[in-house]
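Here the structure is laid out as structure tokens; the discussion comes afterwards.
The values are calculated or read from the model by the stated rules, or taken from the named source; none is laboratory data. Predicted model, so just to flag it, every value in this text is computed and none were measured. Cβ sites come from the backbone with ideal geometry, for glycine too, and all protein chains shown count toward neighbours. Quick note on the areas: whole protein, heavy atoms, side chains included, nothing else; ligands and nucleic acids left out. Shrake-Rupley method; radii C 1.70, N 1.55, O 1.52, S 1.80 Å.
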Amino acid sequence: QSALTQPASVSGSPGQSITISCTGTSSDVGTYNLVSWYQHLPGKAPKLMISEVSKRPSGVSNRFSGSKSGNTASLTISGLQAEDEADYYCCSYAGSSPVVFGGGTKLTVL
Amino acid sequence: QVQLQESGPGLVKPSETLSLTCTVSGDSISSYYWSWIRQPPGKALEWIGYIYHSGSTKYNPSLKSRVTISVDRSKNQFSFSLILSSVTAADTAVYYCAAYSSGLSFDIWGHGTMVTVSS
């Protein structure tokens with residue numbers, strides 16, 4: 001069970017859009033539409049931002065969106081705000097080894 | 001609304017057993033996947049395992065030989081526990097209990113508890 005691959009860091013200026021990729025394999029991301037994304041602030045519990053590839057839970061800003069193409073899922077944040085600065089993790093169902101997380105991406109708002 | 005709270009020792013000696021409990025409050029506690037997730041210092045989240053309300057379990061293959069997750073419905077309160085045996089310094093982490101009802105989307109989290117493995 002290998003971790004999903006995410007860029008270690010991304011950055012953007014306020015108002016811009018950024019995209020964080022999450023690359024897996026045909027055993028996880030590529031086969032199942034069960035990719036979720038979490039925002040993790042220091043000292044806090046992770047917060048669900050996107051479920052099932054592209055569903056946005058109640059209360060999550062519509063600036064956050066998710067998509068998937070092949071073995072790669074993506075999280076896009078539009079209209080970047082200072083409060084978006086956090087670590088972001090993707091997670092996917094992986095069949096017999098059911099749950100795998102990505103390595104995490106640190107988002108810096110310049 | 002379901003809420004989760006972790007409890008247990010913050011310090012465990014190498015080769016000993018780590019034991020944590022997650023107390024669940026709120027209604028509608030059935031049909032959830034009750035999970036444990038950890039984050040070693042400076043590292044990524046790592047899924048440990050889950051137990052479904054039916055009692056069936058699934059574990060991370062890399063930890064499977066050392067992990068047991070169980071539920072406790074006694075004391076008029078629902079809780080679930082993590083037991084991790086033969087710990088080493090590599091098991092030092094913040095341990096979160098979390099839950100989801102569908103779609104592998106962990107929408108309920110505890111605040112997390114730091115466990116240090118050290119003599």
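Tabulated values for the structure
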| item | result |
| --- | --- |
| Residue list for the stretch A:65-110, restricted to those being away from chain B (no Cβ under 14 Å), open to solvent by 10 Å² or more (accessible area, probe 1.4 Å) and of a type in the set (Asp, Glu) | A:Glu83, A:Glu85 |
| Filter result for A:Val100 (assigned to a strand (DSSP E or B), out of contact with any Pro (no Cβ under 9 Å at 6 or more places or on another chain) and within 25 Å of B:Gly112 (Cβ to Cβ)) | yes |
| Top-ranked residue in the stretch A:30-46 [being within 17 Å of B:Ser102 (Cβ to Cβ), touching a Gly at 6+ places or on another chain (Cβ under 8 Å) and open to solvent by less than 30 Å² (accessible area, probe 1.4 Å); ranked as nearest to the other protein chains (Cβ to nearest Cβ)] | A:Ser36 |
| Answer residue from the stretch B:108-119, given it is part of a strand (DSSP E or B) and under 12 Å from B:Leu4 (Cα atoms) and is nearest to the other protein chains (Cβ to nearest Cβ) among those | B:Trp109 |
| Some residue of the stretch B:16-23 being more than 11 Å from chain A (Cβ to nearest Cβ), within 14 Å of B:Met114 (Cα to Cα) and among the small types (Gly, Ala, Ser) | yes |
| Given (1) buried (at least 18 other Cβ atoms within 10 Å of the Cβ); (2) in a strand (DSSP E or B); (3) not acidic (Asp, Glu), index of the condition B:Gln5 fails | (1) |
| Tally of residues being crowded, with 18+ Cβ neighbours inside 10 Å and either touching a residue at least 60 places away in the same chain (Cβ under 8 Å) or within 13 Å of A:Asp84 (Cα to Cα) (or both) across the stretch A:47-64 | 2 |
| Qualifying residue in the stretch B:77-88 (condition: without any contact (Cβ under 8 Å) to a residue 40 or more places away in the chain and not acidic (Asp, Glu)) | no |
| Residue within the stretch B:67-79 that is modelled with pLDDT of 95 or more and open to solvent by 60 Å² or more (accessible area, probe 1.4 Å) present | yes |
| Count - residues of the stretch B:96-107 that are within 9 Å of chain A (Cβ to nearest Cβ) and either modelled with pLDDT under 95 or part of a loop (DSSP other than H, G, I, E, B) (or both) | 7 |
| Lone unmet requirement of (1) buried (at least 18 other Cβ atoms within 10 Å of the Cβ); (2) touching a His at 6+ places or on another chain (Cβ under 8 Å) for B:Gly49 | (2) |
| Of all residues making up the stretch A:8-27, the number that are more than 16 Å from B:Phe106 (Cβ to Cβ), within 14 Å of another protein chain (Cβ to nearest Cβ) and modelled with pLDDT of 95 or more | 4 |
| Candidates B:Lys58, B:Lys64 - the one that is of a type outside the set (Ser, Thr, Tyr), within 9 Å of chain A (Cβ to nearest Cβ), open to solvent by 10 Å² or more (accessible area, probe 1.4 Å) and on the phi < 0 side of the Ramachandran plot | B:Lys58 |
| Pair list, Cβ under 7 Å, 6 or more apart: the stretch B:90-119 residue more than 22 Å from B:Pro9 (Cα to Cα), other residue of a type in the set (D, E, K, R) and open to solvent by 50 Å² or more (accessible area, probe 1.4 Å) | B:Tyr100/B:Asp107; B:Gly103/A:Glu52; B:Ser105/A:Glu52 |
| Some residue of the stretch A:49-56 being within 11 Å of chain B (Cβ to nearest Cβ), more than 21 Å from B:Trp47 (Cα to Cα) and among the hydroxyl-bearing types (Ser, Thr, Tyr) | no |
